[in-house]
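A.B. asks: Next up is a structure, given as structure tokens.
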Amino acid sequence: MLNKITDHVYQLQVPIPYDLGEVKCYIVEGENGYTIVDTGDNIEDAITLWKQVLPKDKKIEKVVLTHAHLDHIGLARWFQKNYNAAIWMSKAGYEEKKKIQSMFKGKKYNSPLSVLFRVNGGPEHPEEDEVHHRFDAYEFEPDYVFEEGEIIQIGDYNFETIWTPGHSPDHFSFYNHSHQILFVGDHILNSLNPIVMAQHMDENPLQLYLHALDKVQQYSTKYVLPGHGDLITNLSSRIEVMKSHYKKRWMQIHNALKEDGRTAFQISQSIYGTELPIERKMSAFLQTITNLIYLLSIDEIVMKKQKDFIYFYPKTSR
Ligand SMILES: [Zn+2]
């Protein structure tokens, strides 16, 4: 479960109760104690594992976060409380955290996705009851807030902060030039494309994401350390594969469009089929919306609003 990556850098596989089953967190040894990169979710199994792994005699200097999703940020508060660790997060992450907290009114989570699902012809957005109890993980204040292009210390190494939005608007990667280490969070994964999803029709996260892929592709890397799955051995070729995956999706979308208009949900069903289990169906639907917004922004398709629904059309006047 604890995997040595290089001198002073260790990887810990922490269980999560959904999707990928595990999140990869990192422990970096330094003069002033350990720095933890991402924490895992706020669940008992993860806490038990951290307690087993962390030596009693060494200080946890700080926790550095790639983004504000629960599987990465979930135990930051626990580290702050129990180990007196300083929490370092990006300014964008801090804003995102406050936004997520504000979506809770009483015990109810008011997801912006309900509106997005409705106008795009989808089914009701499912209630997310099971995650409610874990959201108090967001109740902390960071000790330091960084921005893009800063040099921060992780262990005894200097890392450049790189804004890599798309998977989430606040996502950051961290790069060390001398050892060519890149903490890449969920920006790039080894065996699947991370979910990039819009929450509103006026966002274009895929455009930001593709730009952020180009941004990290220019770095020389020896160790690319992701938030889930296996290490990435060849960053540039992995990015090329991910980009070609998008090109394939865009082709499928073009093929699914009809002259009389289709909703995003209809397009998603014609690409992914109608038999997917509910969770995968929803994520396929969301990714279709995200791709449609992107194709619209580069003027490859047409969108019209009719009554309460949004319809997409092929661009006929070529
Ligand atoms: Zn994740």
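The values are calculated or read from the model by the stated rules, or taken from the named source; none is laboratory data. These numbers come from a predicted model, not from an experiment. Neighbour counts run over all protein chains shown; Cβ positions are idealised from the backbone, glycine included.
A.B. asks: Give the number of residues within the range 1-22 that are within 16 Å of the ligand (Cβ to nearest atom) and within 19 Å of Tyr83 (Cβ to Cβ). Break it down stepwise before answering.
C.D. replies: So the first thing to find is which residues in the range 1-22 are within 16 Å of the ligand (Cβ to nearest atom), and the list is 11-22.
This time we only want the ones that are within 19 Å of Tyr83 (Cβ to Cβ), so: 12, 14.
Of the residues in that region, 2 qualify.
A.B. asks: For the range 120-143, name all the residues that are surrounded by 13 or more Cβ atoms within 10 Å (Cβ to Cβ) and at pLDDT 80 or above.
C.D. replies: Asn120, Gly121, Gly122, Ala137, Tyr138, Phe140, Pro142, Asp143
A.B. asks: Select from the range 31-48 the residues that are in contact with a Phe, Trp or Tyr (Cβ under 8 Å, 6 or more places away or on another chain) and more than 13 Å from Lys62 (Cβ to Cβ) and list them in ascending order.
C.D. replies: Scanning the range 31-48 gives Gly40, Asn42, Ile47.
A.B. asks: Listed residues Gly155, Gly166, Gly149; which is within 14 Å of the ligand (Cβ to nearest atom) and at positive phi? Can you show your working first?
C.D. replies: Numbers: Gly155 fails: within 14 Å of the ligand (Cβ to nearest atom); Gly149 fails: within 14 Å of the ligand (Cβ to nearest atom).
Sole residue among the options that is within 14 Å of the ligand (Cβ to nearest atom) and at positive phi: Gly166.
A.B. asks: Moving on to the next point. Kindly indicate the residue of the range 296-318 that is surrounded by 10 or more Cβ atoms within 10 Å (Cβ to Cβ) and farther than 18 Å from Gly122 by Cβ and also modelled with the lowest pLDDT among those meeting that condition.
C.D. replies: Here the residue is Lys315.
A.B. asks: Just the residues that are part of a strand (DSSP E or B) and in contact with a helix residue (DSSP H, G or I) (Cβ under 7 Å, 6 or more places away or on another chain), please, taken from the range 1-48.
C.D. replies: Selection gives Leu2, Leu12, Val14, Pro15, Val23, Ile36.
A.B. asks: Could I ask something else about it? Return the residues of the range 216-235 that are more than 16 Å from the ligand (Cβ to nearest atom), in a loop (DSSP other than H, G, I, E, B), of a type outside the set (Val, Ile, Thr) and in contact (Cβ under 8 Å) with a residue 40 or more places away in the chain; say none if nothing qualifies. Steps first, please.
C.D. replies: Initially, the range 216-235 is screened for residues more than 16 Å from the ligand (Cβ to nearest atom), giving 216-223, 233-235.
Those still in the list that are in a loop (DSSP other than H, G, I, E, B) too: 218-222, 233-234.
Then drop every residue that is not of a type outside the set (Val, Ile, Thr), which leaves 218-220, 222, 234.
Those that are more than 16 Å from the ligand (Cβ to nearest atom), in a loop (DSSP other than H, G, I, E, B), of a type outside the set (Val, Ile, Thr) and in contact (Cβ under 8 Å) with a residue 40 or more places away in the chain: Tyr219, Ser220, Lys222.
A.B. asks: Follow-up. Out of all the residues in the range 48-76, which are crowded, with 18+ Cβ neighbours inside 10 Å and of a type in the set (Val, Ile, Thr)?
C.D. replies: The answer is Ile60, Val63, Val64, Thr66, Ile73.
A.B. asks: Does Lys58 qualify as being away from the ligand (no atom under 15 Å from the Cβ), of a type in the set (D, E, K, R) and assigned to a loop (DSSP other than H, G, I, E, B)? Give the steps one after another, and end with the answer.
C.D. replies: Working: away from the ligand (no atom under 15 Å from the Cβ): yes; of a type in the set (D, E, K, R): yes; assigned to a loop (DSSP other than H, G, I, E, B): yes.
Spelling it out, Lys58 is indeed away from the ligand (no atom under 15 Å from the Cβ), of a type in the set (D, E, K, R) and assigned to a loop (DSSP other than H, G, I, E, B).
A.B. asks: Let me ask something else. Does Ile271 satisfy being β-branched (Val, Ile, Thr), more than 25 Å from Val23 (Cα to Cα) and either crowded, with 19+ Cβ neighbours inside 10 Å or in contact with a strand residue (DSSP E or B) (Cβ under 6 Å, 6 or more places away or on another chain) (or both)?
C.D. replies: no
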